[in-house]
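Step one of this worksheet: look at the structure below.
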């Protein structure tokens with residue numbers, strides 16, 4: 001098939017399905033021996049969506065044989081193999097389609113199949129499912145395993161005892177591939193739940209976005225090829241639209257050349273029960289929603305197995321008590337991300353065996369939970385994309401003999417939840433502009449090297465995450481946010497200039513880092529083999545953290561090791577803590593910078609004391625803007641400055657807030673409220689400045705401190721004042737590898753007023769389109785089940801929102 005061009009965007013090189021393959025006898029025997037099946041199921045696949053919606057019926061055996069043949073091409077080095085992307089609805093047996101080729105390739109040729117999967121529950125479910133069938137040449141690695149357990153898994157993989165190896169993208173990207181596989185040859189790489197490449201990668205699992213470039217580089221490193229097989233239940237085919245998922249997945253995973261098998265999204269054994277929520281006289285929206293959900297729950301507990309989706313984890317358990325009669329509480333459970341794995345497993349087991357009839361869950365309940373007889377799925381309100389909604393609908397009636405119903409009681413105010421979730425994790429345009437500026441600053445700090453390692457700590461005050469979290473949670477969120485922002489920048493400049501001016505790659509696990517111990521030399525003596533003293537710094541060492549963890553603390557999981565290192569509780573009799581090396585370049589004399597800071601603090605004190613005296617501590621953004629304008633600070637930096645300086649800090653183990661902010665109802669402006677004690681904090685920074693910041697313009701200073709220290713805070717504040725630049729190395733926070741291919745154009749972009757990221761603008765349009773889609777779909781109860789599935793099919797096969805409006809509204 002010839003690559004198509006639409007809207008000036010080159011589509012990936014595609015190959016057609018070709019004639020149906022007859023599956024070889026050896027594989028058919030494995031199907032029976034391992035799974036107990038005598039024949040393959042059929043799949044309904046679109047013949048060629050460029051030409052229409054005609055479908056063909058293909059056997060699962062066709063895909064299994066196709067994948068095996070591509071792996072054999074690579075093994076024999078005959079020709080470049082095609083990659084394969086399949087979309088097929090929930091319940092169509094996708095796991096068999098990659099497990100069976102992997103089993104055959106291992107048995108016939110000793111080849112290893114890597115299966116990259118997004119959820120631990122999904123991984124464990126599939127591995128245990130195969131083991132329950134009697135197939136033992138399968139294993140997984142995850143953060144739940146201790147280093148000793150993982151070492152045993154890796155040994156089995158390397159020594160040829162495992163042919164199917166499951167792991168997460170984060171783990172795969174964290175080590176050299178030989179750490180896992182030794183000299184084993186990789187025959188196939190599977191990306192399961194591939195829609196997460198384009199959805200989660202842009203939302204909360206950024207390493208999925210890096211996966212394609214990693215796998216492409218891996219082939220070069222190994223010196224041989226292997227096919228990629230990507231599978232998902234839901235992906236929008238829309239090569240001419242912003243919200244395409246199929247071709248973006250092919251591009252992101254670098255799957256050219258690729259064969260597409262796009263299966264029908266329709267589920268004939270699922271119907272819809274969508275009603276319009278009417279508020280009774282004097283009734284609030286919340287009361288009406290409670291009334292509607294309670295009525296549904298009463299009905300569903302009488303002979304049904306129900307999955308009820310609620311947008312927020314917070315408040316689920318309280319909501320259950322308002323929706324469910326006390327006598328029925330034993331039949332109901334809640335399920336959300338923060339429940340531990342033991343609780344989650346028990347809930348799933350109780351739901352499977354019928355002792356729980358209704359689960360109230362966030363979107364955390366889904367992939368990896370294989371329950372075939374759910375017959376009701378109810379949405380309190382939409383919480384994410386229309387694609388996610390269809391995926392959640394597909395949890396019903398996985399058993400073809402079950403008739404499922406997807407239901408909701410819709411009101412236009414339901415979009416409150418979507419808007420709130422969208423705003424909570426959103427990256428702002430001003431943050432992207434500041435991150436670009438900081439990246440250029442670090443580039444100059446590191447001597448204008450084309451390639452550099454950049455600590456995510458360099459960007460923390462641009463991101464401005466709450467510091468009340470534990471350090472490991474803070475680091476995880478910081479990493480996700482900054483890596484996502486850097487990739488938005490990378491994609492934006494490529495779209496603007498037609499070439500990759502900026503290239504970003506992650507480094508997830510620590511290899512080396514700095515450790516400081518102020519309690520003596522007990523730690524240094526006990527672990528001398530892993531430490532190199534830093535010259536001129538008492539009690540500071542460069543540590544081989546990877547070896548220290550794996551060889552001396554194998555009983556700890558990686559996260560627990562990091563947590564103890566951050567908290568100074570790694571070993572008894574000493575308090576070693578991870579610190580960062582802060583390299584500082586003074587842009588002006590220290591005396592000049594101190595005078596500027598003192599003048600700014602003086603103006604702030606006047607403003608805040610006046611607010612306390614005259615308006616109970618309240619003041620507006622306009623007043624703050626006026627103060628910072630006097631000191632030549634732009635509004636973006638000013639808001640970050642005061643937020644970082646005063647908003648939230650931890651003192652002696654307790655959270656202390658000197659100032660809070662909230663948006664005004666009538667505008668996007670902020671209003672602030674200050675409390676007493678802020679002036680003592682300001683004076684503390686002034687004393688710290690006098691002790692540590694000395695020198696003249698052009699001088700370089702060096703400090704070792706933790707990310708939560710007062711010194712780290714002071715350096716960030718002075719950086720926002722423009723008086724110094726600094727970068728951090730080895731502070732316990734992962735790094736990204738950055739390559740700058742055209743510094744001049746990036747510097748001009750960073751210096752320009754009003755920089756707007758084009759990709760972020762497109763995402764905002766997509767979000768608004770999602771609200772329009774839900775409004776069309778939920779806003780009427782006159783559509784038949786067939787019409788609703790036609791609507792879904794039209795959207796998933798490339799019909800625009802405007803075209804859907806003309807056809808269905």
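From 265, 259, 236, grab the single residue that is over 22 Å from the mean Cα position of the chain (by Cα) and closer than 15 Å to residue 792 by Cβ.
Step by step, each of 265, 259, 236 is checked, and only 265 is over 22 Å from the mean Cα position of the chain (by Cα) and closer than 15 Å to residue 792 by Cβ.
Looking at residue 99, is it assigned to a helix (DSSP H, G or I) and farther than 30 Å from residue 244 by Cβ?
So residue 99 fails the test.
Rundown of residues vs (1) within 30 Å of residue 49 (Cα to Cα); (2) without any contact (Cβ under 8 Å) to a residue 12 or more places away in the chain; (3) not assigned by TED's automatic domain parsing to the domain that holds residue 393, yes/no style:
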site: 723; (1), (2), (3): no, no, yes
site: 738; (1), (2), (3): no, no, yes
site: 742; (1), (2), (3): no, no, yes
site: 754; (1), (2), (3): no, yes, yes
site: 788; (1), (2), (3): yes, no, yes
site: 792; (1), (2), (3): yes, no, yes
site: 801; (1), (2), (3): yes, no, yes
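May I ask you to list the residues in region 530-547 that are touching a helix residue (DSSP H, G or I) at 6+ places or on another chain (Cβ under 7 Å) and under 18 Å from residue 143 (Cβ atoms)?
None; the set is empty.
Residue by residue through region 15-44, note down the ones that are outside any loop (DSSP other than H, G, I, E, B) and either modelled with pLDDT under 60 or out of contact with any strand residue (DSSP E or B) (no Cβ under 9 Å at 6 or more places or on another chain) (or both).
Listed by number, the residues that qualify are 25, 26, 27, 28, 29, 30, 31, 32, 33, 34, 35.
Specify which of the listed residues (129, 134, 187) is at positive phi and over 24 Å from the mean Cα position of the chain (by Cα).
Result of the check over 129, 134, 187: 134.
Limited to region 740-753, what total is found for residues that are modelled with pLDDT of 90 or more and not in a helix (DSSP H, G or I)?
Residues flagged as modelled with pLDDT of 90 or more and not in a helix (DSSP H, G or I) within region 740-753 amount to 3.
Residues in region 316-365 that are part of a strand (DSSP E or B) and in contact (Cβ under 8 Å) with a residue 60 or more places away in the chain: how many?
The total comes to 1.
Would you check if residue 122 is out of contact with any helix residue (DSSP H, G or I) (no Cβ under 9 Å at 6 or more places or on another chain), modelled with pLDDT under 95 and part of a helix (DSSP H, G or I)?
yes
Mind checking whether some residue in region 208-226 is touching a strand residue (DSSP E or B) at 6+ places or on another chain (Cβ under 6 Å) and either under 27 Å from residue 774 (Cβ atoms) or outside any helix (DSSP H, G or I) (or both)?
The answer is yes; a qualifying residue exists.
For the condition within 29 Å of residue 488 (Cβ to Cβ), without any contact (Cβ under 8 Å) to a residue 12 or more places away in the chain and over 29 Å from the mean Cα position of the chain (by Cα), what is the one hit in 687, 748?
748
Test residue 85 against the stated conditions and say whether it is modelled with pLDDT under 95 and buried (at least 21 other Cβ atoms within 10 Å of the Cβ).
Spelling it out, residue 85 is indeed modelled with pLDDT under 95 and buried (at least 21 other Cβ atoms within 10 Å of the Cβ).
Take the residues in region 363-382 that are at pLDDT 85 or above and touching a strand residue (DSSP E or B) at 6+ places or on another chain (Cβ under 7 Å), then tell me which one is surrounded by the fewest Cβ atoms within 10 Å (Cβ to Cβ).
375
Considering every residue within region 273-294, establish whether at least one is surrounded by 21 or more Cβ atoms within 10 Å (Cβ to Cβ), in contact with a helix residue (DSSP H, G or I) (Cβ under 8 Å, 6 or more places away or on another chain) and part of a loop (DSSP other than H, G, I, E, B).
Taking every residue of region 273-294 in turn, none turns out to be surrounded by 21 or more Cβ atoms within 10 Å (Cβ to Cβ), in contact with a helix residue (DSSP H, G or I) (Cβ under 8 Å, 6 or more places away or on another chain) and part of a loop (DSSP other than H, G, I, E, B).
One line per residue, one yes/no per condition, for (1) assigned to a helix (DSSP H, G or I); (2) loosely packed, with under 14 Cβ neighbours inside 10 Å; (3) under 23 Å from the mean Cα position of the chain (by Cα):
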{"position": "755", "(1), (2), (3)": "no, no, no"}
{"position": "765", "(1), (2), (3)": "yes, yes, yes"}
{"position": "771", "(1), (2), (3)": "yes, no, yes"}
{"position": "790", "(1), (2), (3)": "yes, no, no"}
{"position": "793", "(1), (2), (3)": "yes, no, no"}
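Residues are listed down the side, and each one gets a yes or a no for (1) under 14 Å from residue 230 (Cα atoms); (2) crowded, with 24+ Cβ neighbours inside 10 Å; (3) touching a strand residue (DSSP E or B) at 6+ places or on another chain (Cβ under 8 Å); (4) touching a residue at least 24 places away in the same chain (Cβ under 8 Å):
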{"residue": "48", "(1), (2), (3), (4)": "no, no, no, yes"}
{"residue": "51", "(1), (2), (3), (4)": "no, no, no, no"}
{"residue": "65", "(1), (2), (3), (4)": "no, no, no, yes"}
{"residue": "75", "(1), (2), (3), (4)": "no, no, yes, yes"}
{"residue": "102", "(1), (2), (3), (4)": "yes, yes, yes, yes"}
{"residue": "112", "(1), (2), (3), (4)": "no, yes, yes, yes"}
{"residue": "121", "(1), (2), (3), (4)": "no, no, no, yes"}
{"residue": "130", "(1), (2), (3), (4)": "no, no, yes, yes"}
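The values are calculated or read from the model by the stated rules, or taken from the named source; none is laboratory data. No experiment lies behind these values; they were computed from the predicted model shown. FYI the Cβ positions are ideal-geometry reconstructions off the backbone, even for glycines, and counts take in every protein chain you see.
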